[in-house]
């Protein structure tokens with residue numbers, strides 16, 4: 001059952017042990033990743049080369065007994081394909097040469113062609129599925145329309161969200177136009193990953209938590225629901241589970257569960273037992289250990305893994321994960337301690 005326990009848990013079916021995968025399980029905390037990233041020349045070259053993206057996806061699976069592989073890519077592939085000039089600034093992260101700041105800028109944008117400008121992503125999915133050979137399910141993903149728009153309008157990371165929120169309040173119809181374009185693009189992008197073999201997909205709403213409740217429903221949740229409604233079945237006709245993850249989304253779990261998604265990703269700011277009490281059996285829950293717990297000693301990690309498992313209780317529908325991604329300074333041995341603890345402590 002180990003090869004499909006993740007998919008079974010997402011469908012809220014019984015499993016032998018709680019499945020575990022980690023956001024950013026491939027990446028800078030692994031020395032083998034850093035070595036490959038150096039060889040590739042740039043982070044974008046790594047993402048856009050299907051063979052290298054496949055290799056990075058598989059690296060953590062060689063070290064840890066993970067129950068899911070997640071496609072190695074970036075949430076900003078769609079805006080990059082729209083010609084906004086994505087580049088990465090050391091110590092600062094992703095930036096765009098051509099941010100989208102005005103209604104006129106938005107009117108000029110068009111939906112990227114999934115094969116021409118983003119074909120390297122489904123190509124990587126096909127390659128990874130071939131290499132996994134049915135041993136581990138593959139998760140595809142995309143950024144949420146609100147999160148993509150935030151980066152596109154701000155031009156990079158932001159602490160104040162000055163430009164996107166000014167646009168939202170001063171020209172809401174222009175922002176809705178951008179959100180609609182992004183929702184259609186994300187749906188087509190995820191459907192291309194599903195057609196290529198992704199067996200579950202996650203929508204990362206990294207910046208949803210910076211919105212007011214009414215703005216969250218209007219500018220983030222509405223468009224994620226549209227995406228969920230447009231997702232197609234797998235090539236064999238089966239339903240592909242979709243996970244919604246809003247960082248800081250604790251206040252809106254009931255509304256998120258009503259979108260038609262199969263699972264909710266939880267960050268570390270809500271207890272999983274409270275989340276389960278609020279959404280009941282409507283969706284599976286994924287999460288939600290504090291990522292900083294990986295700086296603690298292995299025995300402390302194990303105790304806290306046990307706490308999350310106890311809080312969730314003996315119910316179907318739990319996928320163990322962090323409340324956000326693995327950070328670059330983490331010792332890989334601590335990730336091994338987490339993964340082993342999940343399997344050992346959850347064994348029925």
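Overview of values
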| quantity | calculated |
| --- | --- |
| Subset of the range 14-43 [assigned to a helix (DSSP H, G or I) and out of contact with any strand residue (DSSP E or B) (no Cβ under 7 Å at 6 or more places or on another chain)] | 31, 32, 33, 34, 35, 36, 37, 38, 39, 40 |
| Odd one out for residue 73 among (1) assigned to a loop (DSSP other than H, G, I, E, B); (2) surrounded by 13 or more Cβ atoms within 10 Å (Cβ to Cβ); (3) without any contact (Cβ under 8 Å) to a residue 60 or more places away in the chain | (3) |
| Selection from the range 289-327 of residues that are outside any helix (DSSP H, G or I) and in contact with a strand residue (DSSP E or B) (Cβ under 7 Å, 6 or more places away or on another chain) | 289, 317, 318, 319, 320, 321, 322, 323 |
| Qualifying residue in the range 87-95 (condition: under 21 Å from the mean Cα position of the chain (by Cα) and under 30 Å from residue 337 (Cβ atoms)) | yes |
| In the range 152-171, the residues that are free of Cβ contacts under 8 Å to residues at least 12 places away in the same chain and either within 14 Å of residue 220 (Cβ to Cβ) or crowded, with 19+ Cβ neighbours inside 10 Å (or both) | 165 |
| Top-ranked residue in the range 234-283 [being more than 21 Å from residue 220 (Cα to Cα) and assigned by TED's automatic domain parsing to the domain that holds residue 18; ranked as surrounded by the most Cβ atoms within 10 Å (Cβ to Cβ)] | 272 |
| Subset of the range 292-322 [out of contact with any helix residue (DSSP H, G or I) (no Cβ under 6 Å at 6 or more places or on another chain), farther than 16 Å from residue 11 by Cα and in contact (Cβ under 8 Å) with a residue 40 or more places away in the chain] | 313, 321 |
| Top-ranked residue of the range 310-338 - restricted to ones that are surrounded by fewer than 20 Cβ atoms within 10 Å (Cβ to Cβ) and more than 23 Å from residue 33 (Cα to Cα), ranked as nearest to the chain's Cα centre (by Cα) | 316 |
| Among (1) in contact (Cβ under 8 Å) with a residue 24 or more places away in the chain; (2) crowded, with 19+ Cβ neighbours inside 10 Å; (3) touching a helix residue (DSSP H, G or I) at 6+ places or on another chain (Cβ under 8 Å) - the single one residue 9 does not satisfy | (3) |
| Residue check for residue 194: touching a strand residue (DSSP E or B) at 6+ places or on another chain (Cβ under 9 Å) and either at pLDDT 95 or above or closer than 27 Å to residue 97 by Cβ (or both) | yes |
| First in the range 258-271 and without any contact (Cβ under 8 Å) to a residue 24 or more places away in the chain, second anywhere and in a strand (DSSP E or B), Cβ under 8 Å, 6 or more apart | 264/243; 264/244; 264/245; 264/284; 264/285; 264/286 |
| Selection within the range 168-207 - over 17 Å from residue 235 (Cβ atoms) and outside any helix (DSSP H, G or I) | 171, 202, 203, 204, 205, 206, 207 |
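The values are calculated or read from the model by the stated rules, or taken from the named source; none is laboratory data. Fair warning: this is a prediction, and the values are worked out from it, not measured in the lab. Positions of Cβ are generated from backbone atoms using ideal geometry, with glycine treated the same way; all protein chains shown enter the neighbour counts.
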